[in-house]
Amino acid sequence: MTIVIFVVVLWYGGLFFQSFFLHRYAAHQVFTMSKTMERITFILTWIFQGSSYLSAYGYGVMHRMHHAYTDTEKDPHSPSYDANLFAMMWKTKTIYQDINKQRIAVDERFTKNVPQWKSFDTFASSRVSRLLWISSYVLFFALFVTAWWQWLLLPITFLMAPIHGVIINWFGHIYGYVNFKMKNTSKNLFRFDFLMMGEGYHNNHHKFASRANFGVKWYEIDMTYVIIKLLNAFGVIRLKPIKIKA
Ligand SMILES: [Zn+2]
Ligand SMILES: [Zn+2]
């Protein structure tokens with residue numbers, strides 16, 4: 001039971017910081033926060049994403065490219081252009097690293113105001129940091145496993161962020177329903193997104209990329225947005241006024 005709880009905490013914790021910080025803040029900037037809060041969020045993202053930490057800069061820039069080039073040859077990840085899920089994951093990883101290490105030239109509109117904390121990112125993305133996290137997951141499992149099958153969950157803890165990425169970027173462009181007919185393949189994965197904290201309303205999000213709330217229908221409850229509203233009410237972050245733009 002302890003192991004299952006541990007994996008669930010890493011799943012939703014890592015996912016929250018991906019959705020809240022990397023996606024809605026770094027890439028789309030639907031809210032603002034102080035420099036101190038931003039730094040605290042960088043550190044919390046590292047704690048929860050652990051061995052699969054993604055930098056706000058690499059994620060933010062690549063994700064803006066996905067919105068600009070959805071389902072075209074220039075899309076960093078698209079089931080319409082990549083042969084299979086693993087080919088897409090590999091390509092995504094390569095482009096992410098090229099952006100992070102500034103090996104490719106990127107248009108200014110993709111980099112504008114994307115938060116970057118270079119020294120921290122270098123440390124949090126280092127092999128030492130990733131190996132430390134992996135060792136601590138292994139240790140935790142060794143201490144608390146009570147049945148053999150629980151070991152099957154261990155690789156998930158190593159690769160949490162890419163697993164979250166692939167659920168949206170692969171499945172969220174193949175399976176599900178659409179609220180808005182668009183010139184791309186984006187879908188809403190679930191009517192109530194219990195698994196991806198609102199990221200699953202991917203068709204809605206492609207339609208209204210600058211909206212903080214990814215839910216549109218009454219039943220489409222966006223858990224990350226619920227937390228954003230609370231943080232906004234407590235003055236931790238400041239939501240920008242709504243402007244509906246496709
Ligand atoms: Zn998409
Ligand atoms: Zn987006």
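The values are calculated or read from the model by the stated rules, or taken from the named source; none is laboratory data. Computed from a predicted model, the values in this text were never measured in an experiment. Cβ atoms come from the backbone with ideal geometry, glycine included; neighbour counts cover every protein chain shown. Protein only, heavy atoms only, side chains kept; ligands, DNA and RNA dropped before computing areas. Shrake-Rupley method; radii C 1.70, N 1.55, O 1.52, S 1.80 Å.
Of everything in the stretch 208-225 that's among the charged types (D, E, K, R) and under 19 Å from ALA26 (Cβ atoms), which residue is least open to solvent (accessible area, probe 1.4 Å)? Only one residue fits best here, namely ASP222. Considering only residues of the stretch 160-173 that are open to solvent by less than 30 Å² (accessible area, probe 1.4 Å) and more than 13 Å from SER78 (Cα to Cα), which is farthest from ligand 2 (Cβ to nearest atom)? So, considering only residues that are open to solvent by less than 30 Å² (accessible area, probe 1.4 Å) and more than 13 Å from SER78 (Cα to Cα), the one farthest from ligand 2 (Cβ to nearest atom) is MET160.
Are any of the residues in the stretch 51-73 more than 16 Å from the chain's Cα centre (by Cα), within 16 Å of ligand 2 (Cβ to nearest atom) and open to solvent by less than 30 Å² (accessible area, probe 1.4 Å)? Yes. Scanning the stretch 1-50 for residues being closer than 25 Å to VAL145 by Cβ and either in contact with a strand residue (DSSP E or B) (Cβ under 8 Å, 6 or more places away or on another chain) or more than 16 Å from ligand 2 (Cβ to nearest atom) (or both) gives a total of 18. Do we find a residue being under 24 Å from ALA83 (Cα atoms), open to solvent by 40 Å² or more (accessible area, probe 1.4 Å), away from ligand 1 (no atom under 12 Å from the Cβ) and modelled with pLDDT under 95 anywhere in the stretch 174-183? Checked the stretch 174-183: at least one residue is under 24 Å from ALA83 (Cα atoms), open to solvent by 40 Å² or more (accessible area, probe 1.4 Å), away from ligand 1 (no atom under 12 Å from the Cβ) and modelled with pLDDT under 95. Sort out which residues of the stretch 10-29 are of a type outside the set (Lys, Arg), over 30 Å from PHE140 (Cα atoms) and open to solvent by less than 10 Å² (accessible area, probe 1.4 Å), and write them in order of number. The answer is ALA26, ALA27. The residues listed here are LEU139, LEU131, LEU153; of these, the one that is surrounded by 12 or more Cβ atoms within 10 Å (Cβ to Cβ), assigned to a helix (DSSP H, G or I), on the phi < 0 side of the Ramachandran plot and more than 17 Å from the chain's Cα centre (by Cα) is LEU153.
For the stretch 86-116, the set of residues classified as aliphatic (A, V, I, L, M), closer than 16 Å to ILE174 by Cβ and either within 16 Å of ligand 2 (Cβ to nearest atom) or surrounded by fewer than 16 Cβ atoms within 10 Å (Cβ to Cβ) (or both) consists of ALA87 only. All of LEU54, LEU154 fail the test of being aliphatic (A, V, I, L, M) and either closer than 20 Å to SER19 by Cα or in contact (Cβ under 8 Å) with a residue 40 or more places away in the chain (or both), apart from LEU54. Of everything in the stretch 30-42 that is outside any helix (DSSP H, G or I) and open to solvent by less than 40 Å² (accessible area, probe 1.4 Å), the residue that is farthest from ligand 1 (Cβ to nearest atom) is MET33. Criterion first (more than 20 Å from ARG64 (Cβ to Cβ) and either at pLDDT below 95 or outside any helix (DSSP H, G or I) (or both)) does GLY215 satisfy it? Yes: the conditions hold for GLY215. Where helices (runs of 4 or more DSSP H) fall entirely within the stretch 43-115, those with at least 3 residues that are touching a helix residue (DSSP H, G or I) at 6+ places or on another chain (Cβ under 8 Å) and hydrophobic (A, V, I, L, M, F, W, C) are at 56-68, 85-100.
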